[in-house]
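Structure first, then comments.
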């Protein structure tokens, strides 16, 4: 315990005593604490001895010492940054021996005869500011040269964007994508259809999903506790109606009705009659009914009680002529 | 594919702060708790937060799906670590089987690197200590460490705990230290093969005869017994990767710069063994010999042919 040197890591301001061990832990807490404090003081003194003997410089706040790098190795929190692979232009420039040239912030603009900035708003020698273009013998008659120039510029910009994307993809493959850039997939995956691209669910879809899913529970979602704001599922109930398999002898009545309905529709489509008698009769009746009601409301009759109009709207079973 | 880049310089700066770097930022700590905590654990977590005020984030909500030692229960932790950019975390929860459980963990690349589960016993909070308020250590000052006990080297779990505690309370790694700002120390003593007593003390520097002041420890902050229950070491490959140091700038050999001569280097020529070199055949004197040798050869040939 005495005389032994402690392992001191100045970079971390740490001291470690490898030779201490309790023969018997002191019975009372206070004793234990005081013992630990004693030991601690010794070790801190040892650290201070080496710390204060380092060469120090005087600064405004006090003496400043230069600490040695820490000896205990601790793990990093993130991986080491990977070197960026050279872009296509960089490779080309290296091969050709092209060096970067420093560009000035202001350039002389011929158009306005003034100094303008090289890039940005109101820049010098801007493609769009040229008022007159000399016609060349190679120009076609109907072509707008200004439109052509702007289309060319658009193409150049698009090409540059494509190249930039390629460079970033190369960097991403090497694991060296710059931290502020993310690449997001917008196109279809290589194998698959448009269906495979995950679509963001719309609000309405999400609202009805819970109801749809509830039908898969044992009780069909009837007794599920609803969260506030949850809407009841739409289209509850059956979606299709099927005829019973067996219904007496021969063709059943329901099946008869079904086939009749279909036949009528087919026949009506192919009939060329201008007037549909049944429909005309119904329309006439409905109109008359409305008129009668209006008259009754306009001048209330002798009886205060409104008598229901007893009229039967039975459809006759006469078939139409083809 | 679409490039998504930040639209403002400020956003870019914030993203660059979180990017992996050669020399890293201070490790931030995330303090959170699980479904059930005890009063003791609550105060432990708040005091831990106070000790690391500048670079710690404390969550106040319960997190029931975080179970650090189980395979599925770490995703939430990793997500939080990613969102808050914290690579250290302290997760507290209390249950009958594991009372006052505190899980101290580290992450690498926002994935769990290693974990230590300790139980907190005999906790004394900052308020229970009486001391001269002028001595109170300032937030963010670099602490001294004193680890006492041979078990820190012999017992694996305690060795791991020592490393984790060092990482937790170390703070920033600085090159220049202001000596007046040295005002706190963490004293960790081994009580048994599983228990460690952690004390946080303020330092008082007293005048002594020499330029080195005399140190005096005054117990200030929380003091607790940490009982190591479980731990998980990092896997070998992960350990190797996390411990990698950036290559020191390679020393270029044989280049010296002289003020007068400029950049100089030495050219070493291997020993030319002049004696052993074969002589060239192109010496004028050899012509006659060669002619004679040729003639002899031809005569020999004629002889053999005639025979």
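No value in this document is a laboratory result; all are computed from the given coordinates. These numbers were taken from a predicted model, which means no experiment stands behind them. Cβ sites come from the backbone with ideal geometry, for glycine too, and all protein chains shown count toward neighbours.
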query: residue A:182 to residue A:119: extension gain in nm, 0.36 nm per residue of separation minus the Cα-Cα distance?
result: 20.1 nm
GNM top mover of A:144, A:109, A:17 - chain A, alpha-carbon springs below 10 Å: A:17
- request: Consider just the alpha-carbon atoms of the range A:31-105 and return their Rg together with their Dmax, both in angstrom.
  value: 26.3, 78
task: Distance from a point 7 Å along Cα→Cβ of residue B:235 to each backbone N in the range B:75-96: keep the residues under 16 Å and list them by number.
output: B:75
statement: Per the 1/(1 + (r/R0)^6) rule, R0 = 22 Å and r from the Cβ atoms of residue B:159 and residue A:49, FRET efficiency to 0.05 is 0.25
- prompt: Tilt of helix A:253-270 relative to the longest C-alpha principal axis of chain A, in degrees (0 to 90, nearest 10)?
  reply: 90
field: Simple label model, 7 Å out from Cα along Cβ direction - residue A:143 to residue A:208, nm
entry: 5.3
- request: Set the Förster radius R0 to 25 Å, insert the Cβ-Cβ distance between residue A:277 and residue A:254 as r into 1/(1 + (r/R0)^6), and round the FRET efficiency to 0.05.
  value: 0.40
task: Starting from the Cα of residue A:80, step 7 Å toward the Cβ, then list every residue of the range B:95-135 with an amide N under 17 Å from that point.
output: B:109
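For a test of the definition: using alpha carbon positions, the gyration tensor, and the 1.5 limit on a/c, classify the range B:81-134 as rounded, prolate or oblate.
Because a/c hits 1.5 or more and a/b fails to exceed b/c, the range B:81-134 counts as oblate.
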- prompt: How far apart, in nm, are the 7 Å Cα→Cβ label points at residue B:62 and residue A:32?
  reply: 3.3
- request: Take the alpha carbon atoms of the range B:161-307, find their radius of gyration, then divide it by 2.2 N^0.38 Å using N residues; give the quotient.
  value: 2.76
Cα-based helix-to-principal-axis angle, A:29-52 vs chain A, degrees rounded to 10: 70
- request: Calculate, in whole percent, how much of the Cα-Cα pair population of the range A:50-205 lies beyond 29 Å.
  value: 61
- prompt: When the Kirkwood hydrodynamic radius is evaluated over all pairs of different C-alpha atoms of the range B:1-93, what value in angstrom, to one decimal, is obtained?
  reply: 15.0
- request: Report, please, the projected area of the protein assembly as shown averaged over directions, based on the convex hull of its C-alpha atoms, in nm².
  value: 87.9
message: Using the basic label-point model (7 angstrom from Cα toward the beta carbon), what is the residue B:25 to residue B:131 distance in nanometres?
response: 3.0
message: Considering only C-alpha atoms, what is the centroid distance from the range A:112-137 to the range B:83-112, in Å?
response: 62
Nearest-ten-degree value, helix A:203-214 long axis tilted from longest Cα axis of chain A: 80
field: Expected-Rg normalisation [2.2 N^0.38 Å, Cα atoms] applied to chain B
entry: 1.82
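How many partner chain Cβ atoms sit within 10 Å of a residue's Cβ in peptide A:176-183, on average, as a whole number?
Across A:176-183, the average partner-chain Cβ count within 10 Å equals 5.
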